[in-house]
Amino acid sequence: MSWDAVILRIRGCFRPVADIAADDFLPLGTLESVVAAVCAAFPNAQWDKRTHAHLGLDKHTAMMIELGHVETSNSIHVSVSGPGNPVPDLLSFANANGWFVLDCSSSDFIDPRSIESEGFAGYRSLWMGLRGRGETSDG
């Protein structure tokens, strides 16, 4: 189970996805420039291949960063497993590069001035509930 996000670049300022025209989505850059941005933001990331990095955020939380779509769909795909809040790190990364973070569970951008996401909060609650259920089983 994971919480997923997509990092995108749009023309103009932060606004709801519903207010963005198709031609307002812009390229993030070349694969090389995006890899450099990931390396700068997440220097402890481990690279499985040129387009796939992963890192631990805390004892229970890991993040995978997929760059395979950087030059085809102009996006970075992020998958997080565990209860640790990745939103501050993702927003810092996105803000530094003029990008935005789309929460896949809510289908809207996370406010770049925020440190929380309603979608991630729901995922975390589910994760904690499932973990608690496993710890209290009568097995």
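The values are calculated or read from the model by the stated rules, or taken from the named source; none is laboratory data. From a predicted model like this one, the values you see are computed outputs, not experimental measurements. A quick note on method: Cβ atoms are made from the backbone with ideal geometry, for glycine too, and the neighbour counts reach across all protein chains shown.
Restricting to the range 77-104, count the residues that are of a type in the set (D, E, K, R) and touching a residue at least 60 places away in the same chain (Cβ under 8 Å). It would help to see each step written out before you state the result.
Filtering the range 77-104 down to residues of a type in the set (D, E, K, R) leaves 89, 103.
Imposing the further condition that a residue be touching a residue at least 60 places away in the same chain (Cβ under 8 Å) reduces the set to 103.
Going through the range 77-104 one residue at a time, the tally reaches 1.
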Any chance you could count how many residues in the range 12-47 are touching a residue at least 40 places away in the same chain (Cβ under 8 Å), closer than 21 Å to Asn85 by Cα and touching a Leu at 6+ places or on another chain (Cβ under 6 Å)? 1
Please find, among Arg50, Arg9, the residue that is free of Cβ contacts under 8 Å to residues at least 40 places away in the same chain and of a type in the set (Lys, Arg). Arg50
Among the residues of the range 1-11, are any of a type in the set (D, E, K, R), closer than 17 Å to Asn95 by Cα, part of a strand (DSSP E or B) and in contact with a strand residue (DSSP E or B) (Cβ under 6 Å, 6 or more places away or on another chain)? yes
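Within the range 65-76, track down each residue that is in contact (Cβ under 8 Å) with a residue 24 or more places away in the chain and either surrounded by fewer than 18 Cβ atoms within 10 Å (Cβ to Cβ) or over 13 Å from the mean Cα position of the chain (by Cα) (or both).
Passing the criteria: Val70, Glu71, Asn74.
So, restricting to strands (runs of 3 or more DSSP E) that lie completely within the range 40-139, which ones have at least 1 residues that are under 18 Å from Arg15 (Cα atoms) and at pLDDT 95 or above?
Where strands (runs of 3 or more DSSP E) fall fully within the range 40-139 and carry at least 1 residues being under 18 Å from Arg15 (Cα atoms) and at pLDDT 95 or above, they are 100-103.
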